[in-house]
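Participant: Pasting a structure here, questions to come.
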Amino acid sequence: MSLGSERLEQLELIALKIREDIIKSLLIAKSGHSAGPLGVTDILTTLYFHILNHDPKNPKLETRDRFILSAGHLCPALYVTLAHSGYFKLNKLATLRKFGSGLQGHPHNLALAGIENSSGPLGQGISQAVGVALGVARKGLSSEVFILGSDGEMQEGQVWEAIMFAGQKRVNHLTYFIDRNNIQIDGFVDNIMGIDPLKTKLESFNWHVQEINGHNILEIINAVELAKAVHDKPSAIIARTIPGKGVKFMENKFEWHGKPPDEKEAKIALHDLRTLEGQIESEHE
């Protein structure tokens with residue numbers, strides 16, 4: 001699919017703004033996850049600002065596409081994306097993880113507009129997404145169901161049971177983004193319990209599988225278009241991402257899986273983001 005350079009630049013700028021607000025909201029919260037949310041920002045930006053059929057003014061629109069977040073700890077990225085999409089005001093991001101806030105530490109679908117599922121315990125999202133996709137099909141809707149899960153949660157048995165079921169039942173209109181960032185809370189995925197050959201495993205369960213650069217917006221768009229064209233099986237997109245993307249001292253460091261920046265670190269992080277890690281002069285300084 002072709003995408004004009006101006007539109008591509010718009011999406012990249014939105015992703016930059018989202019990453020900045022992730023850092024700012026984590027700083028205020030003084031808790032939360034940094035690496036994963038920064039890594040999946042390009043995927044969420046592309047979905048919410050280019051691909052999904054959704055309406056922030058009517059979040060329960062029956063014909064909407066559904067987005068299921070399985071890896072609930074990635075919610076800072078989802079919250080910021082929803083705010084920039086118009087689901088709620090940007091100043092609400094300052095309430096992340098505050099008592100009584102809808103922006104809970106893991107998403108709760110009854111607490112905030114735009115949240116389709118409650119998540120937190122890892123591995124449940126794919127089961128939820130398969131159920132949603134079956135429900136959408138029974139209603140005769142043409143809605144697409146997207147899920148974003150982590151590579152670490154693929155160490156769980158429930159994930160593979162749902163994958164096996166979806167492949168056997170040929171559940172379509174279902175696209176599973178797997179954030180292949182290679183880290184989890186206590187180390188590197190491959191050192192703890194490797195999941196490769198991931199593509200081969202998924203294909204053996206009757207899934208259509210693609211592997212992409214999860215930071216390349218064009219690749220994300222093209223992969224989704226191809227997934228939509230597959231009607232006889234579910235689709236998986238293994239998106240290779242860099243945890244902490246855009247912040248040099250966080251990138252590929254599993255230590256940043258589950259901690260926020262302090263004031264000094266946040267200042268450095270924002271400078272990295274605004275200058276593309278020092279490659280350009282910042283217009284914000």
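Participant: Answer with yes or no whether Leu174 is touching a residue at least 40 places away in the same chain (Cβ under 8 Å) and either out of contact with any strand residue (DSSP E or B) (no Cβ under 6 Å at 6 or more places or on another chain) or of a type outside the set (Phe, Trp, Tyr) (or both). So that I can check it myself, show each step before the final result.
Facilitator: Values: touching a residue at least 40 places away in the same chain (Cβ under 8 Å): yes; either out of contact with any strand residue (DSSP E or B) (no Cβ under 6 Å at 6 or more places or on another chain) or of a type outside the set (Phe, Trp, Tyr) (or both): yes.
It is true that Leu174 is touching a residue at least 40 places away in the same chain (Cβ under 8 Å) and either out of contact with any strand residue (DSSP E or B) (no Cβ under 6 Å at 6 or more places or on another chain) or of a type outside the set (Phe, Trp, Tyr) (or both).
Participant: Moving on to the next point. For the structure I just gave you, tell me whether Ala239 is in contact (Cβ under 8 Å) with a residue 40 or more places away in the chain, aliphatic (A, V, I, L, M), touching a Gly at 6+ places or on another chain (Cβ under 6 Å) and buried (at least 20 other Cβ atoms within 10 Å of the Cβ). Don't jump to the end; show me each part of the working.
Facilitator: Working: in contact (Cβ under 8 Å) with a residue 40 or more places away in the chain: yes; aliphatic (A, V, I, L, M): yes; touching a Gly at 6+ places or on another chain (Cβ under 6 Å): yes; buried (at least 20 other Cβ atoms within 10 Å of the Cβ): yes.
For Ala239, the condition - in contact (Cβ under 8 Å) with a residue 40 or more places away in the chain, aliphatic (A, V, I, L, M), touching a Gly at 6+ places or on another chain (Cβ under 6 Å) and buried (at least 20 other Cβ atoms within 10 Å of the Cβ) - is met.
Participant: Then there's this: Which residues, taken from region 100-115, are surrounded by 22 or more Cβ atoms within 10 Å (Cβ to Cβ) and either out of contact with any Phe, Trp or Tyr (no Cβ under 6 Å at 6 or more places or on another chain) or under 22 Å from Val171 (Cα atoms) (or both)?
Facilitator: Pro107, Ile115
Participant: Look through Tyr87, Tyr79 and report the one residue that is surrounded by 16 or more Cβ atoms within 10 Å (Cβ to Cβ), at pLDDT 95 or above, assigned to a loop (DSSP other than H, G, I, E, B) and aromatic (Phe, Trp, Tyr). Walk me through how you get there before you give the answer.
Facilitator: Working: Tyr79 fails: assigned to a loop (DSSP other than H, G, I, E, B).
Sole residue among the options that is surrounded by 16 or more Cβ atoms within 10 Å (Cβ to Cβ), at pLDDT 95 or above, assigned to a loop (DSSP other than H, G, I, E, B) and aromatic (Phe, Trp, Tyr): Tyr87.
Participant: Hey, Arg97 hits all of (1) in contact with a helix residue (DSSP H, G or I) (Cβ under 8 Å, 6 or more places away or on another chain); (2) surrounded by fewer than 21 Cβ atoms within 10 Å (Cβ to Cβ); (3) at negative phi; (4) in a loop (DSSP other than H, G, I, E, B) but one; which does it fall short on?
Facilitator: So Arg97 meets the others, but not (3).
Participant: Does Gly32 satisfy being within 22 Å of Phe146 (Cβ to Cβ), in contact (Cβ under 8 Å) with a residue 12 or more places away in the chain and surrounded by 16 or more Cβ atoms within 10 Å (Cβ to Cβ)? Walk me through it before giving the result.
Facilitator: Working: within 22 Å of Phe146 (Cβ to Cβ): no; in contact (Cβ under 8 Å) with a residue 12 or more places away in the chain: yes; surrounded by 16 or more Cβ atoms within 10 Å (Cβ to Cβ): yes.
So Gly32 does not fit the description; no.
Participant: Continuing with this model, one more query. Would you check which residues across region 242-267 are of a type outside the set (Asp, Glu), over 18 Å from the mean Cα position of the chain (by Cα), buried (at least 16 other Cβ atoms within 10 Å of the Cβ) and outside any loop (DSSP other than H, G, I, E, B) and list them?
Facilitator: Within region 242-267, Ala266 is the sole residue that qualifies.
Participant: Go through region 210-225 and count every residue that is surrounded by fewer than 16 Cβ atoms within 10 Å (Cβ to Cβ) and part of a helix (DSSP H, G or I).
Facilitator: Taking region 210-225 as the starting set, the residues that turn out to be surrounded by fewer than 16 Cβ atoms within 10 Å (Cβ to Cβ) are 213, 216, 218, 225.
Checking the rest, the ones that are also part of a helix (DSSP H, G or I) come to 218, 225.
Summing the residues that are surrounded by fewer than 16 Cβ atoms within 10 Å (Cβ to Cβ) and part of a helix (DSSP H, G or I) in region 210-225 gives 2.
The values are calculated or read from the model by the stated rules, or taken from the named source; none is laboratory data. None of the values given here were measured: they were computed from a predicted structure. We place every Cβ from the backbone using ideal geometry, glycine too, and count neighbours over all the protein chains shown.
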